[in-house]
Amino acid sequence: MTSYNWYSQLIKPTWSPPAWLFGPVWTFLYILIAISFGKVFLMLWQKQISFLIALPFVLNLIFNFAFTPLQFGLKNNFLAAVDVLLVLITLVWAMFSIYPHARWITYMQIPYLLWVSFATVLQLTVTYLNR
């Protein structure tokens, strides 16, 4: 509850979405991530792709899961901003790396890419406004 109170008191841009929207959006995105990333890891296990192709997917998951502890646990906007940039970079890398092997996985990442791009701009703005 203290993390929610802390975040609710931050200065946010007028275009910031309502808090209730994040849960449904991330639920939908995590379903897409589970299906597509699961296929990538299955392809790796079956030796259809190399570890180098799967690496950005691994890093993306690490950075994705690190965001909440950084933002709400440590209450550190700067580290959260760096982290969300790493989520965006590894997602783009992942999309390019898997494209020659399974184009549908790249296409399935488009909603995730759109949301992470928006979330990156939002986090950078919140970080700037609360410096």
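Say R0 is 25 Å: what FRET efficiency, to the nearest 0.05, do L74 and A19 get from their beta-carbon distance?
Working: r = 19 Å, r/R0 = 0.78.
After rounding to 0.05, the efficiency reads 0.80.
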Helix 19-45: angle to the longest alpha-carbon principal axis of the chain, degrees 0 to 90, nearest 10?
20 degrees
Leaving out same-chain residues fewer than 8 places away, which lysines sit with a Cα under 25 Å from that of K39?
K47
Convex hull volume per residue in cubic angstrom - Cα atoms of the stretch 21-129
91 Å³
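Bear in mind these aren't lab numbers, they're just calculated from the coordinates by the rules spelled out. Because the structure is predicted, anything quoted here is derived from the model rather than measured. A quick note on method: Cβ atoms are made from the backbone with ideal geometry, for glycine too, and the neighbour counts reach across all protein chains shown.
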